[in-house]
Amino acid sequence: MFIYFDLHRVVLRRETSYREQCPRCKSSKSIIYTVTAFCQRVYFIPVFPTEKIVRARCRKCGLKMKLGKEPLNIQAEIKIIASEAKYPYWMYTGLFLIGLLLLIITVMVFINS
Ligand SMILES: [Zn+2]
């Protein structure tokens, strides 16, 4: 039997920094943080989220900062934004369905015994 797995990319949050300046063009209020998450899916049903990635990009000069190689002040802001971005509940739909199936099986065994 063939089981279809895939990773689905979801943008959790997009936020503009009002504190930090771009290291290249020195403009303020130009850094955009994009928080993306990957969700493991089975037959297109989301089962659980796997990882959260925050990317920083300057809106004015187009500078894309490499993951883990951002300036320290931006790395600190990335940690805060990553901790504030929560996974949506629908990403756990598969786990909920598995739990519901186990509950139904348990009740059926209990009724038949
Ligand atoms: Zn810039």
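The values are calculated or read from the model by the stated rules, or taken from the named source; none is laboratory data. Computed from a predicted model, the values in this text were never measured in an experiment. Please note: Cβ atoms are built from the backbone with ideal geometry, for glycine as well, and neighbour counts cover all protein chains shown.
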**Message:** Suppose we keep only residues that are within 12 Å of I32 (Cα to Cα) and exposed (fewer than 14 other Cβ atoms within 10 Å of the Cβ) within the range 62-75. Which one would you say is nearest to the ligand (Cβ to nearest atom)?
**Reply:** G62
**Asked** Any chance the range 34-52 includes a residue that's under 17 Å from the mean Cα position of the chain (by Cα) and within 16 Å of the ligand (Cβ to nearest atom)?
**Response** yes
**Item:** Selection count where residues are farther than 22 Å from K86 by Cβ, of a type in the set (D, E, K, R) and outside any strand (DSSP E or B), scope the range 1-31
**Value:** 4
**Request:** Say whether the condition of being over 29 Å from D6 (Cα atoms) and in contact with a strand residue (DSSP E or B) (Cβ under 6 Å, 6 or more places away or on another chain) is met by at least one residue in the range 66-83.
**Result:** yes
**Message:** For the range 32-66, give me the residue count where each residue is closer than 23 Å to L97 by Cα, in a strand (DSSP E or B) and of a type in the set (S, T, Y).
**Reply:** 1
**Prompt:** Out of curiosity, is E70 modelled with pLDDT under 90 and either in a strand (DSSP E or B) or of a type in the set (D, E) (or both)?
**Reply:** yes
**Message:** Cβ-Cβ distance below 9 Å, separation of 6 or more or different chains: which pairs start in the range 6-32 with a residue that is within 20 Å of N73 (Cβ to Cβ) and within 8 Å of the ligand (Cβ to nearest atom) and end on one that is among the basic types (K, R) and in a strand (DSSP E or B)?
**Reply:** I31/R57
